[in-house]
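Single-structure report; data block below.
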Ligand SMILES: Cc1cc2nc3c(=O)[nH]c(=O)nc-3n(C[C@H](O)[C@H](O)[C@H](O)COP(=O)(O)OP(=O)(O)OC[C@H]3O[C@@H](n4cnc5c(N)ncnc54)[C@H](O)[C@@H]3O)c2cc1C
Ligand code: FES
Ligand code: FES
């Protein structure tokens, strides 16, 4: 049995039917083809699947798609428009080398975005506390924290076109 | 990992949820935030045939001043509890502890009612309900009843909430003492407590222990010693008195007993 849903993802409305057991992360990756949201642990621990649900960071491997009906989801693809510029936090990760393999990065970007939406200028401790639910197996935490600090210090980012480099 | 198949029934009011529970009986399970239930369903440790979603019942999410107590709706998410000025002022132990449940993403989804109904001795908020001597309102086909914290946690993952009932509200008496403390010992920031304790020091002190038995438990011997004015170190030595902590991969029984005394000692010295 399927269940009718209506979900806005990155500003685009999706009206369809899903098997109620479809996890939000699978709906995003498979139905919406938004594969930026990663599955790391699949057990609610790593935060790689973090997206914003009505502006709040949630682990999309632990949310049913039907639980998100009539609500708004933002994924990493919804941060910068396809032709740039990056959001400050994306630019921060570039400036401060906030990623190595990149697997955790979409989750880090979304958790960081939620933090900066709430607190303009978080302390290092607030940043670290806010990232408690996000694991990086390349152990890049120092640089991730610095990337978010960069974003807080440069709320206008750097207006470069993606692909142009600098 | 994907849960087994189920039928999905969203409820828009407590009455509707109770009617659905009556209709589907023990085939059905309530889902609130889903942050205890969905992990179990993904592992196929829980396989409800019908899932009744109460997540959209906005009427069950509230924090209200009721004079001598603060009423908290069962569906209030941990994040709202953590950030509530009313709770910070009147039940600081609760607001503080809610901020230590899991991580920010978990706190954005998990609800106080789900945390309590799950009845896990390793959870943080049951210890607060015991320490604060809260009352719990349960609604079922025959109306509403009130259960005291001491009668709520009945067995491992079992509570006083029957299969056809809903936990709707938790009433926390306003704290008039000065001193309280929450201590949680875990290995990584987002982890569950290996042992923890919640302390409210007033004329009638309350001490709730985490992971020190098959249910959330009260450290009654230590409470009595504290009430009769014994020294902190003597009170702390009674933390595990009469309790039977489990042994598992995180720690053996004797290790938990030791931890409970150290943590209660810290709570008393910090409070
Ligand atoms: C990664 C992770 C880390 C966590 N860390 C911690 C931690 O450190 N400390 C801690 O205490 N908790 C922790 N939790 C659990 C978290 O607090 C959950 O939010 C909570 O245990 C359950 O709340 P829920 O609303 O998600 O309930 P659900 O999962 O929706 O439900 C839990 C149970 O309660 C029942 N139920 C829910 N609401 C009601 C109601 N109103 N009436 C009757 N029955 C109801 C459901 O049927 C189900 O059996 C963690 C969870 C995760 C995923
Ligand atoms: S994949 Fe969701 S938390 Fe790891
Ligand atoms: S950059 Fe590789 S996991 Fe974080």
For this session: Filter the range B:108-122 down to the residues that are assigned to a helix (DSSP H, G or I) and within 12 Å of chain A (Cβ to nearest Cβ), then identify the one that is surrounded by the fewest Cβ atoms within 10 Å (Cβ to Cβ).
Result: B:108
Exercise. Any residue at all in the range B:253-271 that is farther than 25 Å from residue B:116 by Cβ, at pLDDT below 95 and assigned to a loop (DSSP other than H, G, I, E, B)?
Worked result: no
For this session: Give B:225, B:219 a once-over and let me know the one that is free of Cβ contacts under 8 Å to residues at least 24 places away in the same chain and buried (at least 18 other Cβ atoms within 10 Å of the Cβ).
Result: B:225
Exercise. In the range A:87-113, how many are surrounded by fewer than 23 Cβ atoms within 10 Å (Cβ to Cβ) and within 16 Å of ligand 2 (Cβ to nearest atom)?
Worked result: 3
Exercise. Any residue in the range B:170-183 that is more than 14 Å from every other protein chain (Cβ to nearest Cβ), surrounded by 22 or more Cβ atoms within 10 Å (Cβ to Cβ) and in a helix (DSSP H, G or I)?
Worked result: no
Problem set entry | Boolean, residue B:69 is within 14 Å of chain A (Cβ to nearest Cβ) and on the phi < 0 side of the Ramachandran plot | no
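In the list B:48, B:39, which residue meets the criterion of being out of contact with any strand residue (DSSP E or B) (no Cβ under 9 Å at 6 or more places or on another chain) and crowded, with 19+ Cβ neighbours inside 10 Å?
Working: B:48 fails: out of contact with any strand residue (DSSP E or B) (no Cβ under 9 Å at 6 or more places or on another chain).
Within the list B:48, B:39, the selection yields B:39.
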Exercise. What helices (runs of 4 or more DSSP H) completely inside the range A:97-160 contain at least 3 residues that are farther than 21 Å from residue A:74 by Cα and either without any contact (Cβ under 8 Å) to a residue 40 or more places away in the chain or within 16 Å of ligand 3 (Cβ to nearest atom) (or both)?
Worked result: A:124-130, A:141-153
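This table checks each residue for (1) in contact with a helix residue (DSSP H, G or I) (Cβ under 6 Å, 6 or more places away or on another chain); (2) under 17 Å from residue B:165 (Cβ atoms).
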site: B:18; (1), (2): no, yes
site: B:56; (1), (2): no, no
site: B:63; (1), (2): yes, no
site: B:86; (1), (2): no, no
Exercise. Checking residue B:64 against (1) touching a residue at least 24 places away in the same chain (Cβ under 8 Å); (2) away from chain A (no Cβ under 14 Å), which single condition isn't satisfied?
Worked result: (1)
Problem set entry | Entirely in the range A:1-93, the strands (runs of 3 or more DSSP E) that have 3 or more residues that are more than 11 Å from chain B (Cβ to nearest Cβ) and away from ligand 1 (no atom under 16 Å from the Cβ) | A:3-9, A:12-18, A:72-74
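The values are calculated or read from the model by the stated rules, or taken from the named source; none is laboratory data. Keep in mind the model is a prediction, meaning the values are calculated, not measured. For neighbour counting, all protein chains shown are included, and Cβ atoms are generated from backbone atoms with ideal geometry for every residue, glycine included.
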